Amino acid sequence: MENKFIHIISPVALPVVLLFDAAIAYYTYIAVLKIMADKGVFASLFLALQVGAMIIAALTTREVLRHGVLLTDSEIVFTALDFDNKVRYDEIERIEVVKDTKASLRKNFISRYSSLVFYLNDDTVLTVELGITTKRKLNQIENEINTRLFK
């Protein structure tokens, strides 16, 4: 099977990041207009701050868009994790997905995280929290892992 990358983008994070990027682009436009009209210290400082903000916005957008699950021929790689982010298919006995969808006003965001629970051959359990995802995306990840696991 070919390698497949499934993006895990929170439904809340993507609009916020795009709004942040749009605001930075607008303020950079204002800073350029200001520096063209007045070459003072404050206009230069404003432009320098906006360039720094553009760098931060680009890095944030890149970080949000690169989170996901990479499915290769022999293993699953979770790109959002820094270490222990690989699980080999031959180590997995079964997989279970967990997502709380019950209505409640007292639950916080962490209670709404989606999780993949791997039951490994050596009787250990590995839980990977994916963050806030849609049920459709979680089902897509589960189906893809199961097709590769039981091929």
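Percent of Cα pairs in segment 1-48 per distance bin of 10 Å, from zero to the largest separation: 23, 27, 20, 16, 9, 3, 0. If you add up the charges near Leu59, with Lys and Arg at +1 and Asp and Glu at -1, over every other residue whose beta carbon is less than 13 angstrom from its beta carbon, what do you get? Net charge around Leu59: 0. Across segment 77-83, rounded Karplus estimates of 3J(HN,Hα) from the backbone phi angles (6.51 cos²θ - 1.76 cosθ + 1.60, θ = phi - 60°) give 10, 9, 6, 7, 9, 7, 9 Hz, Gly and Pro being marked x.
The sum of -39500 (n - 2.57) across all DSSP H runs of n ≥ 4, divided by the residue count of the chain, sets its helix-only mean residue ellipticity at 222 nm to -15000 deg cm²/dmol. In a simple Cβ point-charge model (Lys, Arg +1; Asp, Glu -1; nothing else charged), segment 30-95 has a dipole of about 580 debye relative to its Cα centre. Lys99 to Ala58: FRET efficiency via 1/(1 + (r/R0)^6), r the Cβ-Cβ distance, R0 35 Å, to the nearest 0.05? Efficiency, rounded to the nearest 0.05: 0.65. Each label was represented as a point 7 Å from its Cα along the Cα-to-Cβ direction; for Glu129 and Val117 these points are 1.6 nm apart. Each principal axis of segment 39-151 carries a Cα extent, and these read 67, 39, 23 Å when sorted largest first.
Which residues in segment 5-20 place their backbone N less than 16 Å from a point set 7 Å from the Cα of Thr79 along the Cα-to-Cβ direction? Under 16 Å, as judged by backbone N against the label point of Thr79, lie 5-10, 14 of segment 5-20. Binning the alpha carbon pair distances of segment 33-82 at 10 angstrom intervals from zero yields the distribution 22, 26, 20, 15, 12, 5, expressed in whole percent. Restricting the calculation to Cα atoms, every distinct pair contributes to the Kirkwood radius of segment 1-104, found to be 17.3 Å.
Read the figures in this text as sums done on the coordinates, not as results from a lab. Predicted, not measured: the structure shown is a model, and the values here were computed from it. Neighbour counts are summed over all protein chains in view; Cβ atoms, including those assigned to glycine, are modelled from backbone coordinates with ideal geometry.
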